[in-house]
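Reviewing the structure listed below.
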Amino acid sequence: MKKLFNARSREASFGRAATRGPVRRLITKICDHRLVISCAAAAALGAVVISSVLSGSTPASAPNDGKSAFASPEAAVPTVFLTPAPTDAVDKAQEVERTAAPYPVTLALRELPIVPSVKAVPDENATREPLPLPVTPEPYEEVLTAVPDITPGIMRSDNFVLVRYGEHNDLIPAVQERLMILWYMDQDEPTDYLGRVTTSAIEVFQRRNDIPVSGKLNTRTYNALFSNNARSYLCTFGDSGADVEFIQERLYELGYLKEKSGSFDDATLDAVKEFQQYNKLDVDGKVGRNTKESLYSPDAKPRMLEYGDYGAQVLAYQLRLQELGYLTTEPDGVYGTDTKMAVMRFQAQNGLIVDGYLGPGTCEKLESEDVNGNALSYSMHGSDVMNVQTRLYELNYMRAQDVNSYYTSITEQAVRLFQRNNGLDVDGKVGKFTMNKLMSDSAVRASSPVLPQSSGSSGSGNSGSSGNSGGSGNSGNSGNSGNSDNSGSVSARINTFISIARSKMGSRYVRGGKGPTVFDCSGFVYWCMNRAGISQSYMTSYMWRSCTRYPRNTSIYNVKKGDVIVYYGHVAICSGTWTQIDASQSNGKVVERSFNGSYWHRNFICSFRIFN
């Protein structure tokens, strides 16, 4: 009661004091309505803050030092109002968006009836409610394939040329890689250059995908290339072009085609169907991925004379092989093991695909005058090499530990020494005359075997003759040895090999090219090896995978100078530490470049030690 009385006494005294003047009466009213006034002030302050946010400005009371709430990423993004716009405004907005900042990958949008305002200016007299999350309007139609951006949010005309011939552009690596995936280009490290080879691949892609063939990278071609409906490589009836000629050449070699017309005609259609039937493929008369791979497979079955055949025709070719020194047994008209091995050795020494069949190409070469006779030479491998080494060991020219069926540099030095001691032309190759003397009872023995460090014992020799004139003596004109190193040193041979490869830098890439002025990757390796004195047949990258002639390395970190490097769909020559020389399809020429990149690591299969 005492407290209540004191409170009421204070109120009464305050009231009496407040009535003494107008100021005190005002204070009295404020005290009586203090709650209402506080709520009104809070509402006014909130309105000021909301207005500042909507206008994109920072309230004066907020310090603009990057630490306030308005400096956060979320608060820094202004609310964007979507408003319908006339056509010219749409075009302008899209142009601003296109030139503002390029995106690496985008979805191509066809119809854009609604676009973001270029600059949102709130109406002070209107009540606006910002949209929550952007929702794609119904009129939008999305192309679901993500592609490198041409023009974000707008499609150009079909014929608009994105990159012109001879230009460098960031779009090209993705284009080349896509063409490789679809089998229009061979596997290679993509570049940013739109050259002759890429243009040719674009033409074939356009032909296959019902696009007017121009070879130009226009909008229509670009979008078709990256769409989910892009058609992979397929060569069919009525087609023409370099790829058709390439297919016909192989069908001719395998005996399925008699004449090469350059166009996919009725004869080519029948030849493809026959090849597919004999090789257990789907018979549709079209050359797609499976048929194309089978055409160049070492297991491809030809329509020609082969193992197990017999008759007068077989006998005639056996006699010719014997004349050239390839067949060492008596001809009997039966295509047996000896005949098959003789044919394979002949093909290897004459730049043909080694398959052991007597097809049109092999028969034509056998009957010509410009033919290389048999001669065992450096880097060869097989039982015939083992026989030669065994005989050299018996005559004290080689040590027992060096007899290994590989025609190594030590074997070559031993042959040179044997030739010199027996009065033969010294070239380090075992041809007809050297073989006859080696196997005879009159062969002169050596006083001591050849040792690895005696690389200079071979002397000057006479292997400088290039071997295309019919050649004398031992080599039987084995060909292309004019650039081989006579010292027998492995390092000297490797340096010579690399010098030959570098001499062809800049030469044009042409599919199927085997030199001396145009190459594909396989033809380049083939040509360089033969110029360096290695009798190697033409082998595709697919055939290199199953090669057993040379020591094999399966780690990219152990590749050495002079090795032949095999990738998926590509081969190259190692020219030094992490560098290679190869005929590059994406560059359109022979180049020297690094192979220490993700592309090469990813596609590496193995390498072969050619010189040992």
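The values are calculated or read from the model by the stated rules, or taken from the named source; none is laboratory data. Computed from a prediction, not measured in an experiment: that's the story for all the values here. Cβ atoms come from the backbone with ideal geometry, glycine included; neighbour counts cover every protein chain shown. SASA here: full protein model, heavy atoms, side chains in, ligands and nucleic acids out. Shrake-Rupley method; radii C 1.70, N 1.55, O 1.52, S 1.80 Å.
How much net charge surrounds residue 555 when only the other residues with a Cβ under 15 Å from the Cβ of residue 555 are counted, with Lys and Arg +1 and Asp and Glu -1? Mind showing how you got there, number by number?
Numbers: positive: 552, 560, 602, 609; negative: 563.
Summing Lys/Arg as +1 and Asp/Glu as -1 gives +3.
Ordered from largest to smallest accessible area (heavy atoms of protein chains, 1.4 Å probe), the residues 412, 306, 330 come out as 330, 306, 412. Rounded to the nearest 0.05, the FRET efficiency derived from the C-beta distance between residue 323 and residue 210 at R0 = 60 Å is 0.65.
Only Cα pairs under 8 Å and 6+ residues apart enter the sum, and on that basis the relative contact order of the stretch 536-612 stands at 37 percent.
Surface composition of the stretch 350-453: carbon and sulfur atoms hold 49% of the protein heavy-atom accessible area at a 1.4 Å probe. Accessible surface ranking for 433, 205, 226, 160, 1.4 angstrom probe, highest first: 433, 160, 226, 205. Of the residues 266, 299, ranked by 1.4 Å probe accessible area with the largest first, the sequence reads 299, 266. A Förster radius of 41 Å combined with the Cβ-Cβ distance from residue 237 to residue 568 puts the calculated FRET efficiency at roughly 0.85. Take the Cα of residue 492, go 7 Å toward its beta carbon, and the backbone nitrogen atoms of the stretch 433-454 under 19 Å from that spot belong to 450-454. Between residue 330 and residue 289, the FRET efficiency estimated from the beta carbon spacing at R0 = 41 angstrom works out to 0.35.
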